[in-house]
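Read through the structure below, which is laid out as structure tokens, and then see the notes.
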Amino acid sequence: MDLGTRKILDRSFTAVGITSILLMAAALLVVIVPIFTGGIGAIFFKGTVEHRKLQYNEFGKGDLAVIRQQTEETDIYRNKVYAMLDAFESEMELMEPTEKKKYRSQYTKVRKVLAHLFGPLPGDMEPILLRYQYGTTRWEKAEEALHDLMFVSKWDYSNPDEMAKQYFVPRSDEFAGTALAALFPYMENSLEKMLLPEMTFYWGFITERSLDAHIFGGIWAEIQGTFFLAAGAMLFAFPLGVIAAIYFTEYAKDNIFTSILRSANSTLAGVPSIVFGLFGLAFFINTVKVSESKSVLAGSLTLAIMVLPTIIRAAEEAILAVPKTYKEASLSLGSTKWRTIMTVILPAALPGIITGGIISLGRAAGETAPIIFTAAVSVGATIGIADVLNSPTPALSWNIYNLASEHEAASEIRHVQYGMVLALISIVLLLNLSAILLRARISKKLKG
């Protein structure tokens, strides 16, 4: 191959490599940016006076005097709304039955939106669920509710060749000429005075418990549960993985038995995670009975089996990367084989072993399928160390899926879903960063 052709190929491969890196970076940004912007909105947002009431009543946080003053200010404007409702109800009592029936369904929708904004309206029964005891706690949700109040959603099916198109008509048209007609412009002009939005830094999203199935509160139980499951998995998997790697590299002979073990390890590394979850349920809970039902212990053991092949492989490669001269020098000085492994080979291989362990820890923290059947619950309180043997726990990975797909108010708590995703990604990134820094520090220390 002549020199000119080689230069062209080198430049082509370089261009392809740079393009691939840029495409991967762009794809990563497309995924990460929405997660970051949505997740940070769980902590930084415009909180209404209802949010401040909730924080004081449920968590004892906030200035009671300020909250009372703000409540009095908002009540001045809210009472005018309630007066309009009373006037319209009195007007309906004098209507003909057919006319009254026409207004009743639309009026019910108006009251429902207002109750969502302000909490229970005068004359309503005291709600049992916490979500109905307070009004809208976030300003962006209040603006969405205002739109639902101001407009009625309709669909245009006139063109059979196209999909139906959504359009909106003013709800005030349905109440034209009634005492309720003045409500809609008043709400549009006075909503901010009724809710008093303020920029809020809600650190409690990380440190507080959830309330009413994550409608309110934070995600501390999920963060703690994720830590217990991941740490428990590494407690079992890391020592076993390192011991297995020592056996494969220093003691095992090349025979059928060793070949079967290596093949089994490689096969386990490729097994779908849902299979590990079913195995954990069948073996650890139903057969061995490490717990009566779901528990952190059963989930940790299942995750340990799942990450064990990765730890074995990483530790094995790290040990094999240690120069043979280290081992030969130690043995020539009269050291035993076991002492050589413990004092020479393992310290030299430690950066690679720790890196593999922390990467496996990150994977264990982010897995969902293995803990569905063995450890995770959708709603639960924080648990202590003493409860890990027999109690299930919420976990970030499972609760992200549950809140996004199965929660009855999934569209209302998008900020919680994004906040959980951001928390999980941050934990995994911090674990990987710690692996890099720890490896660099140990390598520097070994080099002297």
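Here are some notes:
- Put a dot 7 Å past the Cα of residue 332, heading toward its Cβ, do the same for residue 33, and the two dots end up 6.0 nm apart.
- Vicinal HN-Hα couplings computed from phi for the stretch 190-203 (Karplus, 6.51 cos²θ - 1.76 cosθ + 1.60; Hz; Gly/Pro x): 10, 4, 4, 6, 7, 10, 6, x, 9, 4, 10, 9, 9, 5
- Sparse packing (at most 15 other Cβ atoms within 10 Å of the Cβ) combined with a DSSP loop state is found for the following trypsin sites (Lys or Arg not before Pro) in the stretch 191-266: 253.
- Förster-model FRET efficiency, 45 Å R0, residue 115 and residue 288, C-beta, rounded to 0.05: 0.30
- Since only 413, 305, 287 are under comparison, the one whose Cα sits farthest along the positive direction of the charge dipole of the chain, derived from C-beta charges on Lys, Arg, Asp and Glu, is 305.
- Computed from label points 7 Å out along Cα-Cβ, the spacing between residue 324 and residue 231 is 4.3 nm.
- Where only DSSP H runs of four or more residues are counted, the chain gives -21500 deg cm²/dmol as its mean residue ellipticity at 222 nm, each run worth -39500 (n - 2.57).
- Cα shape, the stretch 220-447, gyration tensor, a/c 1.5 rule: prolate
- For the chain, the share of DSSP beta bridges that are antiparallel, to the nearest 5, is 95%.
- 10 Å Cβ shell holding at most 13 others, DSSP loop, GluC sites (Glu not before Pro): longest site-free stretch of the chain: 1-161
- For residue 211, the residues 5 or more places off, or on other chains, whose built amide H falls under 5 Å of its own are 216, 217, 218.
- Taken about its Cα centre, the stretch 45-202 carries a charge dipole of roughly 320 debye when the Cβ of each Lys and Arg holds +1 and the Cβ of each Asp and Glu holds -1.
- The label point for residue 186 and the one for residue 436, both projected 7 Å from the Cα toward the Cβ, are 5.9 nm apart.
- Of the labelled figures (1) 169; (2) 258; (3) 292, only one reflects volume of the Cα convex hull per residue in Å³ as derived from the coordinates, namely (3).
- Nearest-0.05 FRET efficiency for residue 408 and residue 386, computed from C-beta distance (R0 25 Å): 0.15
- Long pairs among 80/112; 80/154; 101/193; 100/193; 253/324; 109/141, criterion Cα-Cα beyond 22 Å: 80/154; 101/193; 100/193
- Between residue 378 and residue 104, the FRET efficiency estimated from the beta carbon spacing at R0 = 45 angstrom works out to 0.75.
Since every read-out is calculated from the coordinates, none of them should be taken as a lab result. In this text the structure is predicted, and so the values were computed from the model without any measurement. Every residue, glycine among them, receives a Cβ derived from its backbone with ideal geometry; neighbour counts consider all protein chains shown.
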